[in-house]
Every structure is written in C-alpha cells, then in structure tokens.
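Note sheet for the following structure.
The values are calculated or read from the model by the stated rules, or taken from the named source; none is laboratory data. Small disclaimer: the values here were computed from a predicted structure and weren't measured. Ideal geometry is used to build each Cβ from the backbone, glycine not excepted, and the neighbour counts take in all protein chains shown.
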Amino acid sequence: MSIENKCFKCNEIITNRVISALGKSWHPEHFTCKECKEPISDLTFYEKFDEPVCSKCFLNNYSDICHGCNQPIKDRIIKALGHTWHENHFICNGNCEKSLSSSTFYERDGKAYCKEDFEQMFAEKCYGCTKPITDKALIALNSRWHKDCFKCKRCDKTITTNTFAIEDNNPICTFCAA
C-alpha cells in the first residue's frame, strides 16, 4: 500500500519530486511565496497563515520596524517603551549613548537613560557638592544636601545635630558659632 502525496496548492497527486514543508507536500513549482508568488528556492523561509513566505516578503510585510532607524528587524528584537528596536539602536539618550539592551534603564518623557546619565540629568543636586542625590536628602536652608555634605562653613565638620547657626546662607556648627 503506497501513500499518495497530494500537493497542498493544487490538490493533485505528486508523482515525481516532492517538497515537504510546513507539514504539507508540494509540487516544487507550487512551493511559492504567499505574497510575491515567486518560487521559494532558499532554505530559509517563513510561515504566515499556514503558507510559506520568502525572506524578502517577510521582512517587508511582517517583521517589526526599529523605532531607532525605521528599518525591518531581522535579528534579536528589543521591546521597550512601547516600541521595538534593533539591539544596537536601544541606547541611552544621555551623554554616553551606551547600549541599554541588557541593562536596567530609566525612562523620562518616553526616552531611555542609563542610571548614571539619568541621575546626572534629572536627580536633585546636593547644595554642598552639586552631585546628584540618589538616596535620602537632608533639607536645610531651603536646599537639599547629602547627609555627609552638610558641613560647618568654618571647621568643615559634618553637622549631625538639629541645631546650627547660619552665616552667609551656610551652616555653622554650634561649637564654631559660640
């Protein structure tokens, strides 16, 4: 008992050469792209709606478009901020422009930033050292300070008490103020 192969496209029995793909049998001349109708001769093809699609048509009609360059994405896709990206186009929008594809990022106004650039650009700055405050801040003299930056203007020691004097809008410890 022989098994008869029927062509998926024309539904006729295949007597000579057969192409087996996508769980179906095809006459070689009927194994064509769903979109452009050209014969698929490459070993690489795609499937869409149970039919073969050549690489060119798949890229043009079905692949995701990179938000960074507006070109089809052939390889690994990064999905972030409601968009798709080539791996090398998902970069920090700050000064460093480093890749964010495999790291934590911060978002501001729909743009991605690395931790360092985000803090430098958007975090509040310490009145004492002007560096970003990324943890708890001490609030005094209408400004924010790192705990270790709130120092006496005269002796340069950190003020750890709730009592201090003020000189030219700078803190003075109680020892120097006496």
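Residue-wise test of (1) touching a residue at least 12 places away in the same chain (Cβ under 8 Å); (2) touching an Asp or Glu at 6+ places or on another chain (Cβ under 6 Å); (3) among the β-branched types (Val, Ile, Thr).
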residue	(1), (2), (3)
Lys48	yes, no, no
Glu51	yes, no, no
Phe58	yes, no, no
Asp75	yes, no, no
His83	yes, no, no
Ile91	yes, yes, yes
Glu107	yes, no, no
Lys115	no, no, no
(message) Take the residues in the range 109-135 that are loosely packed, with under 13 Cβ neighbours inside 10 Å and charged (D, E, K, R); name whichever of them is farthest from Thr158 (Cα to Cα).
(response) Asp109
(message) Anything in the range 8-26 that is within 44 Å of the chain's Cα centre (by Cα) and buried (at least 16 other Cβ atoms within 10 Å of the Cβ)? List them, or say none.
(response) Phe8, Ile19, Lys24, Ser25, Trp26
(message) Would you confirm whether or not the range 39-58 contains a residue that is in the same structural domain as Cys10 (by TED's automatic domain parsing), among the basic types (Lys, Arg) and touching a Cys at 6+ places or on another chain (Cβ under 8 Å)?
(response) yes
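Could you check the range 13-33 and list, in sequence order, the residues that are on the phi > 0 side of the Ramachandran plot and touching a residue at least 12 places away in the same chain (Cβ under 8 Å)? Full working, then the answer.
Keep residues of the range 13-33 that are on the phi > 0 side of the Ramachandran plot, which gives 22-23.
Once the filter is applied, which keeps residues that are on the phi > 0 side of the Ramachandran plot and touching a residue at least 12 places away in the same chain (Cβ under 8 Å), the range 13-33 yields only Leu22.
Quick grid of which residues meet (1) more than 30 Å from Glu4 (Cβ to Cβ); (2) surrounded by fewer than 19 Cβ atoms within 10 Å (Cβ to Cβ):
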{"position": "Pro28", "(1), (2)": "no, yes"}
{"position": "Phe31", "(1), (2)": "no, no"}
{"position": "Pro52", "(1), (2)": "no, no"}
{"position": "Asn95", "(1), (2)": "yes, yes"}
(request) Go through the range 23-60 and give me each residue that's polar (S, T, N, Q) and modelled with pLDDT under 90. (result) Ser41, Thr44, Ser55, Asn60
(request) Answer yes if at least one residue in the range 20-36 is touching a strand residue (DSSP E or B) at 6+ places or on another chain (Cβ under 8 Å), closer than 30 Å to Ala123 by Cβ, of a type in the set (A, V, I, L, M) and part of a strand (DSSP E or B), and no otherwise. (result) no
(message) Which condition from (1) under 13 Å from Glu51 (Cα atoms); (2) part of a loop (DSSP other than H, G, I, E, B) is the one that Arg17 breaks?
(response) (1)
(request) Return a yes/no flag: does the range 38-48 have any residue that is part of a loop (DSSP other than H, G, I, E, B) and surrounded by 12 or more Cβ atoms within 10 Å (Cβ to Cβ). (result) yes
(message) So, Ala177, is that one in contact (Cβ under 8 Å) with a residue 12 or more places away in the chain and surrounded by fewer than 19 Cβ atoms within 10 Å (Cβ to Cβ) or not?
(response) yes
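Among the residues of the range 62-74, are any aromatic (Phe, Trp, Tyr), modelled with pLDDT under 90 and within 30 Å of Leu43 (Cβ to Cβ)?
Yes, some residue in the range 62-74 is aromatic (Phe, Trp, Tyr), modelled with pLDDT under 90 and within 30 Å of Leu43 (Cβ to Cβ).
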(request) Kindly check whether there is at least one residue in the range 84-93 that is closer than 30 Å to Tyr46 by Cβ, among the aromatic types (Phe, Trp, Tyr), in a strand (DSSP E or B) and outside the structural domain of Glu35 (by TED's automatic domain parsing). (result) yes
